[in-house]
Amino acid sequence: MDKIEAFEWNDELSVDIPEIDELQKKMFALLNVLIDLKDNNKDGKECSNMVAELNEYSRYFFSKEEEYLRKCGYPEIDYHAKQHRKFIKNTVSLRRLVTEDKDNLNYEVIEQLRDWLVDHIMTSDLLYVPFLRTTNYIKDCKK
């Protein structure tokens, strides 16, 4: 697969929660670092460490999002969290593969991770936005 372009976060991906939007932006930045590492043919250890950083950050990001959704009583939180665990499992597997051979970190794999993230935001995260807006509206009305 030919090189892929870096992906810039845009307002279409916003969930109207500034903290979560910032976490999303950082995820895309980390994926773009993977592209840079591949572009510059960095060594396997550096690539493996970056995949590990992506894994750790995704755990942090997803836990923050899940914490927020649980606090707000989002009814689909268990399913949502299950999707997050699949991504984390994939990055754990990728780290193992990259540790074995740095060529396992290729543009196709990076693009799959990025596409998963975009798809997850567009199809799952944006589903909770109306729920949160309604919940916040009801809370504001009760004051």
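LEU132 - would you say it is more than 24 Å from LEU37 (Cβ to Cβ), open to solvent by 70 Å² or more (accessible area, probe 1.4 Å) and in a helix (DSSP H, G or I)? No, not satisfied. Name the residues in the stretch 98-124 that are hydrophobic (A, V, I, L, M, F, W, C) and either surrounded by 14 or more Cβ atoms within 10 Å (Cβ to Cβ) or under 15 Å from CYS47 (Cα atoms) (or both), would you? Those that are hydrophobic (A, V, I, L, M, F, W, C) and either surrounded by 14 or more Cβ atoms within 10 Å (Cβ to Cβ) or under 15 Å from CYS47 (Cα atoms) (or both): VAL98, LEU105, VAL109, ILE110, LEU113, TRP116, LEU117, VAL118, ILE121. May I ask you to list pairs of residues, at least six apart or on different chains, whose Cβ atoms are under 6 Å apart, with the first in the stretch 92-111 being within 17 Å of ASP2 (Cα to Cα) and the second being β-branched (Val, Ile, Thr)? What qualifies is ASN104/VAL98; LEU105/VAL98; TYR107/ILE4; ILE110/ILE35; GLU111/ILE4. Can you name every residue in the stretch 38-53 that is open to solvent by 20 Å² or more (accessible area, probe 1.4 Å) and among the polar types (S, T, N, Q)? Of everything in the stretch 38-53, those that are open to solvent by 20 Å² or more (accessible area, probe 1.4 Å) and among the polar types (S, T, N, Q) turn out to be ASN40, ASN41, ASN49. Every condition in (1) touching a Cys at 6+ places or on another chain (Cβ under 8 Å); (2) not in a helix (DSSP H, G or I) holds for LEU37 except the one numbered (2).
Taking the stated definitions as given, is GLU56 open to solvent by less than 10 Å² (accessible area, probe 1.4 Å), at pLDDT 95 or above and not β-branched (Val, Ile, Thr)? It is false that GLU56 is open to solvent by less than 10 Å² (accessible area, probe 1.4 Å), at pLDDT 95 or above and not β-branched (Val, Ile, Thr). Looking for whichever is in a helix (DSSP H, G or I), more than 23 Å from GLU22 (Cα to Cα), open to solvent by 60 Å² or more (accessible area, probe 1.4 Å) and not β-branched (Val, Ile, Thr) here; the options are ARG95, ARG85, ARG70. Which one fits? Result: ARG95 is the single residue among ARG95, ARG85, ARG70 that is in a helix (DSSP H, G or I), more than 23 Å from GLU22 (Cα to Cα), open to solvent by 60 Å² or more (accessible area, probe 1.4 Å) and not β-branched (Val, Ile, Thr). Of all residues in the stretch 1-32, those satisfying the criterion of being surrounded by 15 or more Cβ atoms within 10 Å (Cβ to Cβ), in a loop (DSSP other than H, G, I, E, B) and among the aliphatic types (A, V, I, L, M) are ILE4, VAL15, ILE17. Screening ILE35 with (1) open to solvent by 90 Å² or more (accessible area, probe 1.4 Å); (2) closer than 17 Å to THR91 by Cβ; (3) not polar (S, T, N, Q) gives one miss only, at (1).
For the stretch 73-82, give me each residue that is free of Cβ contacts under 8 Å to residues at least 40 places away in the same chain and surrounded by 14 or more Cβ atoms within 10 Å (Cβ to Cβ). Within the stretch 73-82, ILE77, ALA81 meet the criteria. For the stretch 85-97, the criterion of being among the hydrophobic types (A, V, I, L, M, F, W, C) and more than 18 Å from the chain's Cα centre (by Cα) is met by at least one residue.
The values are calculated or read from the model by the stated rules, or taken from the named source; none is laboratory data. Remember, predicted model here, so these are calculated numbers, not experimental data. With ideal geometry, Cβ positions are generated from the backbone for all residues, glycine too; neighbour counts draw on all protein chains shown. Side chains are part of the model used for accessible areas, which takes the heavy atoms of the whole protein and leaves out ligands, DNA and RNA. Shrake-Rupley method; radii C 1.70, N 1.55, O 1.52, S 1.80 Å.
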